[in-house]
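Asker: Below you will find the structure I want to go over with you.
Values quoted throughout were computed directly from the atomic coordinates according to the rules given, and no laboratory measurement underlies them. All values derive from a computational prediction rather than experimental measurement. When we count neighbours, we look across all protein chains shown, and the Cβ atoms used for this are built from the backbone with ideal geometry, even at glycine.
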Amino acid sequence: MKTTLAWLRTHLDTTATLDELVAALVMLGLEVDGIEDRSKALKPFTAAKVISAVQHPNADKLRVCIVETGLGQVQVVCGAPNARAGMVGVFAPVGSVIPRNGMELREGTIRGEASRGMLCSAYEMGISEDHEGIIELPLDTPVGASFAQVAGLDDPVLDIKITPNRGDCLGVRGIARDLAAAGFGKLRPIDETPVPGTFASPIHIHLAGPDAKACPLFVGRTIRNVKNGPSPRWLQERLLAIGLRPISALVDITNFMTFDVNRPFHAFDAGKVAGDIVVRGARPNETVEALNGKTYTLDPEMTVVADDKGVQSLGGVIGSASSGCDETTTTVFLEAALFDPIRTAATGRKLNVQSDARYRFERGLDPEFVTTGMEIATRLVLELCGGEASEVTASGAVPDWKRTYRFRPERTQTLGGVEVSADDSRVILESLGCGVSWGEQSGFAVLPASWRGDIIGEADLVEEVLRIRGYGQIPAIPMERETALPKIALSPAQRRVGFVRRALAARGLDEAVTYSFMPQAQAELFGGGAADLRVDNPISADLDAMRPSILPNLIVAAQRNADRGFADLGLFEVGPQYANDTPEGQALMATGLRAGRTGPKRWDDPGRATDVYMAKADAMAALAAAGAPIENLQASADPPAWYHPGRAGSLRLGPKVMAYFGEIHPAILTKLDAKGPMAGFEIFLDEVPLPRTKAGRARPLLKLSAFQPVERDFAFVVDRDLAAAKLLNAARQADKKLVTGVRLFDVYQGTGLPEGKKSLAINVTLQPEAATLTEVEIEGFSKRLVAAVEKATGGTLRA
Amino acid sequence: MDSQEKLRDEVLKSVAQAQSLDTLEQIRVGALGKKGSITGLMKELGALAQEARREAGAALNRLKDEIEGAIHSASSELKDKELTRRLAEERVDITLPVEVETQGRIHPISQTIDELTAIFGEMGFTVAEGPHIEDDFYNFTALNIPPEHPARQEQDTFYLPQRQDGSRRVLRTHTSPVQIRTMLSQRPPIRIIVPGRTFRSDHDATHSPMFHQVEGLVIDKASHMGHLKGCLIEFCRAFFDIDDLPVRFRPSYFPFTEPSAEVDIGCSREGGGLKIGAGGDWLEILGSGMVHPKVLENCNIDPNEYQGFAFGMGIERIAMLKYGIPDLRTFYETDLRWLRHYGFVPLDVPSMVGGLSR
């Protein structure tokens, strides 16, 4: 919502400065988004007197003028027909920038005549569409005076952000009313006295639905014998200042009413209206050619204003081209109505029409100001266009808007946090137009002003009092905690997410945050792409599916980094993936990816290419950080389809999958335009069991053996496709009490072994508890271990 | 006696000349071993008379001690020499480069959430979370945003396909639905913050279709606007680590709060750069207000008994302001150079006791 300072002052009698008013507006909740000083761009331009204007020797339409600028006489070549000796025009010196086109004016020679400046049109100054001739200033304008000042363009324009609840401030008067309530001057009276009609309006209004709410009140008036020329300068300037184009007096008046007092009007050319006016629901597929030149197809949910020929306007949204006013209009029919906010919004949305009227009807208009507005508008038409007014014709009635709310003055303290006396609250509420009386239940009964449909309860009234008193008056009180020490802010499940995140970063992976959506094609590659997870209105076709996995985002990101020269990297993200559209379908994942090599070649470490085992190590480290009992995890070679079928797997705790890990399927990488190898992991954090806290925090008692542990190495020859886990498990089970560690330290296949066999070498740690192990005991154990392993694996001890 | 004197001179001389530990050992065996010269003399003592034996024995023992001492010190000397030689040989180039930085970085969004948790946790808040794919009820209706409300048009909502029952799920446009879920599932007093992903159909230099918000909610019998101010002023000053940071509350409008306030912090824009702190200018950072009675009613909480406040802010926004990150879009681009520049080392865990940021 824009206004100029001078415009605001036509409603507000105040001595406050611009800065004071702006500060006041901000603290009233009417945020000033910008203050535009148009005089800045107009600074170089000054009033200048044309001393002489003679025909250009080489051009029919040009004149050579000598201009007195106040700083000396200058010759300019001018093409305007009204350039003549004696007139006072607007002079643009060499070096000035023309506001309309942003061009810097240069000294030049036009058909052999020197031109050192320019006499400007209103078009070139950017203040009007009129480029018929140059601006003519009053003859008594002092030469050298600032054009901005002379033209009244030094009036700053305020751009004020109006929150959706404050429809009443979508007119300059509403803003002035708030400022007056806050003590920044007095609201000036406005002449609302009825203009007597001299004849009955020949056009009548019939309200015919679609229902009673669609248009509860329609007020009309015919004004005949008007002359619809351009509107006067003051009106044009106001409209231009807020970015509207002046069209004709009648149209300008309706626009002015909209922005000045927040009362939208529609002006029909009565000569083009056939018969009476009916407000009704549109007929199916009825069309209207609107004032913006577009044709809209309507439906019965939309409220239209129609005559015998058809739709003449879309109620509260936009008028039609066929009955609009132009310079030939001699009889005008003015419409001021109330249209249903919800229906107006729906119509505008469906047809995608934004208009100043729609914006206001959507937010609700003052129901008591329809007829009053009509009188103000009539007076303006008569003043600017002449003519005579009919009696007002009205259909419907002012809807019942009156309601009262209890207001307990102590609520300013108990809800608002600031003590305001009952008397002060009453004064504030009355200054805002509320009716206040002492109610029955220890509090005021407050009737909000007719223009404040947004006030719908005591909390709103508290806000009004606080707003006028000033939020700055509320003392800040520190939050008191219920307990001396803070409660634990994070649940165990939330806390461990941080552990996982920081553990992965500590392992050298960088944390990423990527979009929850991805291209449908990618989602499909990773088990997703279901219809219920497709965004109906995606921001782009690339972001239309809720992600079933974080991996594709990381793979694509890794490739982007590789393209920039960073091929060796590790990334992870802790975030959601979506299996369906229910809350349960959202899983918290810790997903990571390594690409390229462990690092660049170094003198002390040749590094190695990313592989399944790195992904497995990352996954297990993250699971350990999450508190999973990693010694109980079982790896199974059953990865989802996006992994390499022979170099990936799942980590399970019992039957439950805790994680997937492995090298990414080369075909998937190709489809994502990524170069491998890449290896990743996906951890289902929600599935990791939480520690049992019932038993308390005490650890089990530490039992330390006094006897030396013993280590022994064994190597077994087994089938090449034997899972090492089977052998390790058998070794562990050989004597659960005695064996405290089994470590695989060598895997060998090749020369010296039979075809199809491999050798697995393990180191076993034995920890006796009662006495040092004797050679005989160790020998006995070794035999048991070898037997157990051979039985479990079908292998043999390597000779 | 002469022979003893001679033997002494011989042995000591060869000890002094010995060049290796092996030679020394041979000398020791030759003199003091079972068949050694000194041992031999010891054996001869038995033949002497008692008085002479004592005297000769004492002399022999002195000689033995002297030789042992000489061998020991010669051996130490040789060992020292050997060590010095070995150390000289073991010298390496200690200027060879080593790998120090093997750590990854924590994303600024995660770090900022941890900071928020540390501050609000200190004020008695706990962390709540909720689903990203929401029902219309939680995202809008329960928050006093009916279908025709203008505020709904201003929030560009992502929709999922219509379901069989005609309903349409949305990607939550704010973290506020978690307020509703919390109030419906637990009795007051309530004090929660809700950090998380939010989605709006907007994409340009200052908007991302996905971003993060943190929501705060306090419900009890007495918290009012004064507490709201106290809570948020403390937060702003702690988060930006500026003790005298000016904080301003302005009336505003949100469908789910009444009264509502927008919160500005002080800043300076002198010289083109933005600097947070006392500087005569203001920067909007968050929205807040007293929870609307209708929202309480929608959650089966009696507004005549309970009240409280709520607030919400953009996590990327406050991170950008605090850490001087110029472009919102870069948060989600996963550019390694960016992550390593703006990210945080994993050991840098924010806490109010140990410090929020360094």
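Asker: Rounding to the nearest 10 and keeping the result within 0 to 90°, find how far the Cα-based axis of helix B:225-240 lies from the longest principal axis of chain B.
Answerer: Rounded to the nearest ten degrees, it is 40.
Asker: Please work out the Cα center distance from the range A:14-53 to the range B:169-213, rounded to the nearest Å.
Answerer: 41
Asker: From other protein chains only, count the Cβ atoms within 10 Å of every residue's Cβ in B:123-134, then give the mean.
Answerer: The per-residue average across the peptide is 6.
Asker: Same structure, new question: Expressed as cubic angstrom per residue, what is the convex hull volume of the alpha carbon set of the range A:184-306?
Answerer: Enclosed volume per residue, from the Cα hull, is 175 Å³.
Asker: While we're here: Starting from the Kirkwood radius over alpha-carbon pairs of the range A:402-536, derive D by Stokes-Einstein at 25 °C in a medium of 0.890 mPa s and give it in µm² s⁻¹.
Answerer: 120
Asker: Using only the alpha carbons, work out the radius of gyration and Dmax of the range A:501-586 in angstrom.
Answerer: 14.0, 41
Asker: Within 10 Å of each residue's Cβ, count the other Cβ atoms and sort A:LYS309, B:LYS13, A:LYS49, A:LYS161 from fewest upward.
Answerer: In order of increasing Cβ crowding within 10 Å: B:LYS13, A:LYS309, A:LYS161, A:LYS49.
Asker: Tell me the relative contact order for the range B:2-89 as a rounded percent, counting alpha carbon contacts under 8 Å between residues six or more apart.
Answerer: Result for the range B:2-89 is 33 percent.
Asker: With Cβ to Cβ distances under 13 Å as the rule, what net charge do the other residues near B:ILE180 carry (K, R +1; D, E -1)?
Answerer: Overall, the nearby charge balance is -2.
Asker: Highest mean first, how do A:774-784, A:615-625, A:268-278 rank when packing is the count of other Cβ atoms within 10 Å averaged over residues?
Answerer: Ranking, from highest mean packing down: A:615-625, A:268-278, A:774-784.
Asker: Right, next: Output the relative contact order of chain A, whole-number percent, from Cα pairs under 8 angstrom with separation of 6+ residues.
Answerer: Reported relative contact order: 8 percent.
Asker: Counting only other chains, and only Cβ atoms inside 10 Å, what mean value do you get across the residues of A:488-497?
Answerer: Across A:488-497, the average partner-chain Cβ count within 10 Å equals 4.
Asker: Calculate one ³J(HN,Hα) per residue across the range B:262-274 by plugging θ = phi - 60° into the Karplus curve 6.51 cos²θ - 1.76 cosθ + 1.60, and present them in order as whole Hz with x for glycine and proline.
Answerer: For the range B:262-274, the Karplus-derived couplings read 9, 10, 10, 10, x, 7, 9, 10, 5, x, x, x, 9 Hz, x marking Gly and Pro.
Asker: Let me ask something else. Taking Cα centroids, how far is the range B:287-358 from the range A:79-151 in Å?
Answerer: What the calculation gives is 55 Å, centre to centre.
Asker: Taking just the C-alpha trace of the range A:538-663, give me its Rg and Dmax in Å.
Answerer: Taking only Cα atoms of the range A:538-663, I get Rg and Dmax of 16.1, 53 Å.
Asker: Radius of gyration and Dmax for the range B:279-358's Cα atoms, expressed in Å?
Answerer: Values for the range B:279-358 (Cα only, Rg and Dmax): 18.8, 54 Å.
Asker: Right, here's the next one. Over all distinct Cα pairs, what is the inverse of the mean 1/r for chain A, reported as the Kirkwood hydrodynamic radius in Å?
Answerer: 35.2
Asker: Report the label-to-label distance for A:ALA212 and A:GLU524 in nanometres (one decimal), using points 7 Å from each Cα along the Cα→Cβ vector.
Answerer: Between A:ALA212 and A:GLU524, the simple spin-label model gives 5.6 nm.
Asker: Dividing the alpha-carbon radius of gyration of the range A:1-123 by 2.2 N^0.38 Å (N being the number of residues), what value is obtained?
Answerer: Expressed relative to 2.2 N^0.38 Å, the Cα Rg reads 1.47.
Asker: Based on the inverse mean of 1/r over its pairs of different Cα atoms, what is the Kirkwood hydrodynamic radius of the range B:229-331, in Å?
Answerer: 15.0
Asker: Would you kindly give the portion of the calculated P(r) for chain B that falls above 28 Å, as a percent of all Cα pairs?
Answerer: 61
Asker: Got the relative contact order for the range A:39-117 handy, in percent, Cα pairs under 8 Å and 6 or more residues apart?
Answerer: 31
Asker: Using only the alpha carbons of the range A:312-360, what is the convex hull's orientation-averaged projected area in square nanometres?
Answerer: For the range A:312-360, the mean projected area of the Cα convex hull comes to 3.8 nm².
Asker: Give, as a single signed number, the net charge of other residues whose beta carbon lies under 12 Å from the beta carbon of A:LYS487, with Lys and Arg counted +1 and Asp and Glu -1.
Answerer: With Lys, Arg at +1 and Asp, Glu at -1, the neighbours total 0.
Asker: Sorted from fewest to most neighbouring beta carbons within 10 Å, what does the list B:TYR342, A:TYR748 look like?
Answerer: Least crowded to most crowded, the residues run A:TYR748, B:TYR342.
Asker: Could you rank the peptides B:280-286, B:42-48, B:293-299 by their average count of other C-beta atoms within 10 Å per residue, with the highest value first?
Answerer: Final packing ranking: B:293-299, B:280-286, B:42-48.
Asker: Which lysines, if any, have their Cα less than 25 Å from the Cα of B:LYS275, not counting same-chain residues under 8 positions apart?
Answerer: A:LYS161, B:LYS229, B:LYS322
Asker: Taking neighbour counts of Cβ atoms within 10 Å as a proxy for exposure, in what order, fewest first, do A:MET546, A:MET658, B:MET210 appear?
Answerer: B:MET210, A:MET658, A:MET546
Asker: Output wanted: per-residue J couplings in Hz (rounded whole) for the range A:748-756, from phi through Karplus 6.51 cos²θ - 1.76 cosθ + 1.60, θ = phi - 60°, x for Gly and Pro.
Answerer: With the stated coefficients, the range A:748-756 comes to 9, 9, x, 3, x, 10, x, 4, x Hz.
Asker: Express the Stokes-Einstein translational diffusion coefficient of the range A:415-489 in µm² s⁻¹, to the nearest whole number, given a Kirkwood radius over alpha-carbon pairs, 25 °C and a viscosity of 0.890 mPa s.
Answerer: 171
Asker: Calculate log10 I(q)/I(0) of the range A:685-770 for q = 0.18, 0.23 Å⁻¹, where I(q) comes from the Debye formula with a single equal point scatterer on each Cα and nothing for solvent.
Answerer: With no solvent term, the Cα-only Debye profile gives -0.88, -1.05.
Asker: Using only DSSP helix segments of four residues or longer, with each worth -39500 (n - 2.57), what per-residue ellipticity at 222 nm results for the protein assembly as shown after dividing by its residue count and rounding to 500?
Answerer: -9000 deg cm²/dmol
Asker: Students often check this: by mean Cβ neighbours within 10 Å, which of A:55-66, A:475-486, A:348-359, B:215-226 ranks highest, and how do the rest follow?
Answerer: Most protected by this proxy first, the peptides run B:215-226, A:348-359, A:55-66, A:475-486.
Asker: Which whole-angstrom value gives the distance between the alpha carbon centres of the range A:650-678 and the range B:85-149?
Answerer: Value for the Cα centre distance between the two parts: 25 Å.
Asker: Also, quick follow-up: Please report, ordered by residue number, every helix of chain A (full DSSP H runs) that is 24 Å or longer along its axis going by C-alpha atoms and whose mean Kyte-Doolittle hydropathy reaches -1.0.
Answerer: A:775-793
Asker: Net charge around A:LEU179, counting only other residues with Cβ within less than 11 Å of its Cβ (Lys, Arg = +1; Asp, Glu = -1)?
Answerer: +1
Asker: For peptide B:306-315, what's the mean number of Cβ atoms from other chains within 10 Å of each residue's Cβ?
Answerer: Average neighbour count from other chains, rounded to a whole number: 1.
Asker: Binning every alpha carbon pair distance of the range B:2-89 at 5 Å from zero, what are the percents per bin?
Answerer: In whole percents, the pair-distance histogram is 3, 13, 22, 21, 15, 10, 7, 5, 3, 1, 1, 0.
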